[in-house]
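Quick note: the coordinates plus some simple rules give every number you see, no bench work behind them. Computed from a prediction, not measured in an experiment: that's the story for all the values here. Please note: Cβ atoms are built from the backbone with ideal geometry, for glycine as well, and neighbour counts cover all protein chains shown.
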Amino acid sequence: MRLKLWGTRGSIPCPGPETVKYGGNTTCFEVTCGKKRIIIDAGTGIRLLGKKIMLEEANLLNADLFFTHTHMDHIQGLPFFAPLYNPNSDVRLNAGHLGGEKYDLQGIIGTMLMKDPVFPVPSSLIEQACSFNDYDCGTVFELGDGVVIKTGKLNHPNGACGYRIEFDGKVIAICTDTEHYEGEIDANVVELAQDADIMVYDSAYTDEEYPKFKGWGHSTWQEAVKVAEKAQVKQTLLFHHDPSHNDEKMDQIAQEAAAVREGVRPAIEGEVISL
């Protein structure tokens with residue numbers, strides 16, 4: 001089981017000399033479980049994954065792509081994901097936060113993201129390679145070869161889903177974007193992260209910054225520590241780095257978090273963790 005982080009930044013891409021160490025691309029995870037490939041989110045980081053597939057795998061992809069939600073920083077890389085333009089690819093797109101009444105995933109991509117005058121390339125050019133699945137958050141997916149993905153509701157404006165990926169006795173939990181509750185630990189997050197080998201947790205802010213952004217749908221590294229202790233997580237990756245947090249600020253957070261709990265540190269764009 002392997003996790004690669006193609007994008008770690010939240011809200012908006014912020015490339016530049018001040019974000020080289022921890023990364024400027026927005027959310028994208030690649031999880032490989034044996035021969036199965038799972039992608040979580042399609043922020044700007046997914047373009048780099050697509051480039052790799054184009055150069056090394058003949059631009060042919062068979063994978064499941066799950067969205068935590070469809071805010072712009074989690075979907076804006078999708079039109080630039082090269083394998084989707086190969087009609088021989090087979091990519092299953094899944095979203096569990098929309099409810100299916102007013103919006104669906106295919107509609108959001110086709111009428112809001114890839115449609116003139118917002119974007120010049122129509123979604124019809126990727127639809128031969130894609131299928132679209134709107135599911136109810138809480139659904140359990142069995143992908144075959146022993147891969148199980150459990151989903152759970154996160155506390156975020158317009159809704160979001162977290163993921164617990166289980167394979168060969170190992171667990172990776174993706175818990176972004178989510179805001180903690182005052183005075184209690186979110187039971188949904190704990191359930192997703194229980195005894196996980198790796199938990200990725202939304203830590204956009206520090207406790208000192210958080211009051212200014214309450215209700216925005218994001219949490220703090222201090223809350224990540226609380227969840228990690230409650231759920232007995234082995235390694236915690238602080239995620240969804242705020243655009244205002246440059247490498248110097250992230251180094252400070254890394255030092256402070258490590259002093260509180262072993263195995264807690266900021267996620268770094270491009271890193272690979274094998275279990």
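Provide Phe239, Phe132 in ascending order of the number of other Cβ atoms located within 10 Å of each residue's Cβ, fewest first. Mind showing how you got there, number by number?
Working: Phe239 27, Phe132 16.
Listed from fewest to most nearby Cβ atoms, that is Phe132, Phe239.
Which values of log₁₀ I(q)/I(0), to two decimal places, follow from the Debye formula for the stretch 1-155 at q = 0.09, 0.12, 0.17, 0.18 Å⁻¹ with a uniform point scatterer at every Cα?
At q = 0.09, 0.12, 0.17, 0.18 Å⁻¹ the computed log10 ratios are -0.28, -0.50, -1.05, -1.18.
Separation between the Tyr181 and Glu18 pseudo-spin-labels, each 7 Å from Cα along Cα→Cβ, expressed in nm?
Result: 3.7 nm between the two label points.
So between Asn88 and Leu55, what do we pick up on full extension, going 0.36 nm a residue minus the alpha carbon distance?
Net length gain for the segment: 10.3 nm.
Need one number: % antiparallel among DSSP beta bridges in the stretch 125-275, to the nearest 5. Don't skip to the answer; put the middle values down first.
Numbers: 17 of 30 bridges.
The antiparallel fraction comes to roughly 55 percent.
³J(HN,Hα) across the stretch 92-98 via Karplus (A = 6.51, B = -1.76, C = 1.60, θ = phi - 60°), whole Hz, x for Gly/Pro?
Rounded to whole hertz, the list is 8, 9, 10, 9, x, 10, 8.
Could you give me the ³J(HN,Hα) list for the stretch 39-51, computed from phi with Karplus coefficients 6.51, -1.76, 1.60 and θ = phi - 60°, whole Hz, x at Gly and Pro?
10, 10, 6, 10, x, 4, x, 5, 4, 5, 4, x, 4
What 222 nm value per residue comes from the helices of the chain, counting each DSSP H run with n ≥ 4 as -39,500 (n - 2.57) and dividing by all residues, nearest 500 deg cm²/dmol? It would help to have the intermediate numbers written out before the result.
Numbers: 5 runs with 47 residues, N = 275.
Computed ellipticity for the chain at 222 nm equals -5000 deg cm²/dmol.
Using the Karplus equation 6.51 cos²θ - 1.76 cosθ + 1.60 (θ = phi - 60°), what ³J(HN,Hα) coupling, rounded to whole Hz, does each residue of the stretch 3-15 give in order, writing x for Gly and Pro?
So the Karplus estimates, Gly and Pro as x, are 10, 10, 9, 8, x, 10, 8, x, 6, 7, x, 9, x Hz.
Compute the angle between helix 247-260 and the longest alpha-carbon principal axis of the chain, please, reported from 0 to 90 degrees and rounded to the nearest 10.
The helix 247-260 is inclined about 60 degrees to the chain.
Taking the stretch 72-191 as the region of interest, what is the percent of Cα-Cα pairs per 5 angstrom bin, listed from the shortest bin to the one with the maximum distance?
The distribution over the stretch 72-191 is 2, 10, 17, 19, 19, 17, 9, 5, 2, 0, 0, given as percents.
Test of understanding: in a Gaussian network model of the chain with alpha carbons linked when under 10 Å, which of Met112, Met199, Met72 would top the mean-square fluctuation ranking?
Of Met112, Met199, Met72, the Gaussian network model singles out Met112 as fluctuating most.
Give me the percent of DSSP beta bridges within the chain that run antiparallel, rounded to the nearest 5. Spell out each step's value before the answer.
Values: 30 of 59 bridges.
Around 50 percent of the beta bridges assigned by DSSP in the chain are antiparallel ones.
Report the relative contact order of the stretch 2-274, percent, no decimals, based on alpha-carbon pairs under 8 angstrom and at least 6 residues apart. Display every interim value, and only then the final one.
Values: 653 pairs, mean separation 49.8, N = 273.
Once divided by the residue count of the stretch 2-274, the mean separation gives 18 percent.
Could you pull out which residues in the stretch 78-101 have an amide N less than 11 Å from a spot 7 Å beyond the Cα of Ser131, following the Cα-Cβ vector?
90-93
Rounded if a/c is under 1.5, else prolate if a/b is larger than b/c, else oblate: which is the stretch 1-76, with a ≥ b ≥ c the root eigenvalues of its Cα gyration tensor?
On the way: a/c = 1.86, a/b = 1.51, b/c = 1.24.
It comes out prolate by the Cα gyration axes.
Over all alpha-carbon pairs of the stretch 29-118, lay out the pair-distance distribution in 5 Å bins, whole %, shortest bin first.
Values per bin, smallest distances first: 3, 14, 24, 27, 18, 10, 3, 1, 0.
Would you mind checking the tilt of helix 221-231 against the longest principal axis of the Cα atoms of the chain, expressed as 0 to 90 degrees and rounded to 10?
Between the helix axis and the principal axis of the chain, the angle is about 90 degrees.
Which one of Tyr22, Pro83, Gly162 has its Cα pushed farthest toward the positive end of the charge dipole of the chain, where Lys and Arg give +1 and Asp and Glu give -1 at the Cβ?
Farthest towards the positive end: Pro83.
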